[in-house]
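A.B. asks: Here you go, one structure.
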Amino acid sequence: MFRNSFYGWKLGAALALAAAMTATSAWRGESIHPPAWRCLAEPERWHGAELRASGPVLSLDRDGFVILWQQVPLRVLAPSAPAKGEEVEIVGVLERDGPCLRARDWRRFPPRARYRWIWEWVSLLVLALILVNFLRHFAFRPEAVRLKGR
Amino acid sequence: MADFLVHFATAFVPARGLRDGRLRAILYVGVCLPDLLFKGLLYLGGASTWACEPTHAPLTLVPLCYAAALLFEEEWRRRAFWALLAGSCLHLLLDVGKSYTGAGVIPWGFPLTMNRVETGCYLPEDTLLMMAPALGLILLTEAVSRLIRRRASASPRP
């Protein structure tokens, strides 16, 4: 399984399998969690689809609120409402009338979400150290992956 | 970007049990692999979020780790595969604890099912609070392992 025999076939098959899984996920997943513009353009088609939406609250009304989700305003029906301007995440079901999202659950993003850049920079630093450590132990040699000139 | 410090801490502790530094280096890459593939596909490949989801599915990680292991020289491939897969599984174990308001985070049975699971133990934003304990765990583990090594080398051999 790990030997050099049929190397190209084994590498190709593994990459093809992973690519097929990625394509399958993109194809099947899009129908489960479609993007905002598609839901709002075709509300009949996506009626009943479960969505996870997040964004800032643009306005409040009697039955819920409106958020900006993927650059598109989306009306949310919820028994309770956040304050205007708050960042929220909602899981709910799309309804063709409106169209709007009937919230199953929602939450406010905590204030520390604003400091996401801290862990992003720390993550980049950690990744750089991990790669440097890896390159201390291993060097890239094309002949090891059996690439040969003609 | 991901929370690599916390992920690294989860790999650093068990990696102390490995004597070979090269194997540890591969395990550390493995623990970052799912997020590296996800962000790479998303930002460099311009793929949709759903196309990137299989990078966090255990069954997809098997061919991906196998393909990555084939890039090593022959005598290292088997160990590299298991180290990459173990690191990736550690990554998924930490990620499954996240809370995405019940929407799920790990497609555990993909491609057989598109269902995603989460245990909802912590919010994604809690990463900021977990960074200091993660760093403390790394430093404590390193200090203890150095102490053990020093005592082992100081004790007389029979």
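A.B. asks: The conditions are (1) surrounded by fewer than 18 Cβ atoms within 10 Å (Cβ to Cβ); (2) at pLDDT 95 or above; (3) not β-branched (Val, Ile, Thr), and B:ALA9 fails exactly one of them. Which is it?
C.D. replies: (1)
A.B. asks: Let me ask you something else. Which of the helices (runs of 4 or more DSSP H) contained wholly in segment B:29-127 include at least 1 residues that are within 25 Å of A:SER54 (Cβ to Cβ) and facing chain A (nearest Cβ under 9 Å)?
C.D. replies: Where helices (runs of 4 or more DSSP H) fall fully within segment B:29-127 and carry at least 1 residues being within 25 Å of A:SER54 (Cβ to Cβ) and facing chain A (nearest Cβ under 9 Å), they are B:49-52.
Residue-wise test of (1) among the acidic types (Asp, Glu); (2) within 24 Å of B:LEU128 (Cβ to Cβ); (3) at pLDDT 90 or above; (4) touching a Ser or Thr at 6+ places or on another chain (Cβ under 7 Å).
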residue	(1), (2), (3), (4)
B:LEU23	no, no, yes, no
B:ILE26	no, no, yes, no
B:LEU64	no, no, yes, no
B:LEU71	no, no, yes, no
B:GLU74	yes, no, no, no
B:TRP82	no, no, yes, no
B:HIS91	no, yes, yes, no
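A.B. asks: On the given criteria, is B:GLY21 of a type in the set (Gly, Ala, Ser), at the interface with another protein chain (Cβ under 10 Å from one of its Cβ atoms), under 23 Å from B:TRP82 (Cα atoms) and surrounded by fewer than 22 Cβ atoms within 10 Å (Cβ to Cβ)?
C.D. replies: The answer is yes for B:GLY21.
A.B. asks: Checking A:VAL57 against (1) assigned to a helix (DSSP H, G or I); (2) touching a Phe, Trp or Tyr at 6+ places or on another chain (Cβ under 9 Å): exactly one of these is not met. Which one?
C.D. replies: (1)
A.B. asks: Here's something else I'd like to know. Here is a list of conditions, (1) part of a helix (DSSP H, G or I); (2) more than 9 Å from chain B (Cβ to nearest Cβ), and A:VAL126 meets all of them except one; can you say which number that is?
C.D. replies: For A:VAL126, the exception is condition (2).
A.B. asks: Next up: List the number of the failed condition for A:ARG136; all other conditions in (1) within 9 Å of chain B (Cβ to nearest Cβ); (2) assigned to a strand (DSSP E or B) hold.
C.D. replies: Status for A:ARG136: all satisfied but (2).
A.B. asks: Here's another thing I want to ask about it. Which members of segment A:64-85 meet the condition of being assigned to a loop (DSSP other than H, G, I, E, B), over 21 Å from the mean Cα position of the chain (by Cα) and of a type outside the set (Ser, Thr, Tyr)?
C.D. replies: Result: A:ALA78, A:PRO79, A:ALA81, A:PRO82, A:ALA83, A:LYS84, A:GLY85.
A.B. asks: For segment A:126-145, enumerate the residues that are at pLDDT below 95 and exposed (fewer than 13 other Cβ atoms within 10 Å of the Cβ).
C.D. replies: Answer for segment A:126-145, where residues must be at pLDDT below 95 and exposed (fewer than 13 other Cβ atoms within 10 Å of the Cβ): A:LEU135, A:ARG136, A:ALA139, A:PHE140, A:ARG141, A:PRO142, A:GLU143.
A.B. asks: Which one of A:ARG112, A:ARG108 is surrounded by 14 or more Cβ atoms within 10 Å (Cβ to Cβ), closer than 25 Å to B:ASP3 by Cβ, of a type in the set (Lys, Arg) and touching an Asp or Glu at 6+ places or on another chain (Cβ under 6 Å)?
C.D. replies: None of the others qualify; the one that does is A:ARG112.
A.B. asks: Identify the residue in segment A:78-107 that is among the hydrophobic types (A, V, I, L, M, F, W, C) and in contact with a Lys or Arg (Cβ under 6 Å, 6 or more places away or on another chain) and, among all such residues, is nearest to the other protein chains (Cβ to nearest Cβ).
C.D. replies: A:VAL91
A.B. asks: Whether any residue in segment A:34-44 is free of Cβ contacts under 8 Å to residues at least 12 places away in the same chain and not charged (D, E, K, R) is what I want to check.
C.D. replies: yes
A.B. asks: Right, something else. Restricting attention to segment A:14-71, which residues are surrounded by 15 or more Cβ atoms within 10 Å (Cβ to Cβ), among the polar types (S, T, N, Q) and in contact with a Pro (Cβ under 7 Å, 6 or more places away or on another chain)?
C.D. replies: Listed by number, the residues that qualify are A:THR22, A:THR24, A:SER25.
A.B. asks: Within segment B:119-153, restricting attention to residues that are surrounded by fewer than 11 Cβ atoms within 10 Å (Cβ to Cβ) and among the charged types (D, E, K, R), which residue is farthest from the chain's Cα centre (by Cα)?
C.D. replies: Looking at the filtered set, the residue picked out is B:ARG151.
A.B. asks: Please indicate, with yes or no, whether at least one residue in segment A:38-46 is of a type in the set (A, V, I, L, M), in a strand (DSSP E or B) and either at the interface with chain B (Cβ under 10 Å from one of its Cβ atoms) or farther than 27 Å from B:TRP76 by Cα (or both).
C.D. replies: no
The values are calculated or read from the model by the stated rules, or taken from the named source; none is laboratory data. The shown structure was predicted, so the numbers you read here are calculated from the model rather than taken from an experiment. Counting neighbours? That spans all protein chains shown, and the Cβs are built from the backbone with ideal geometry, glycine included.
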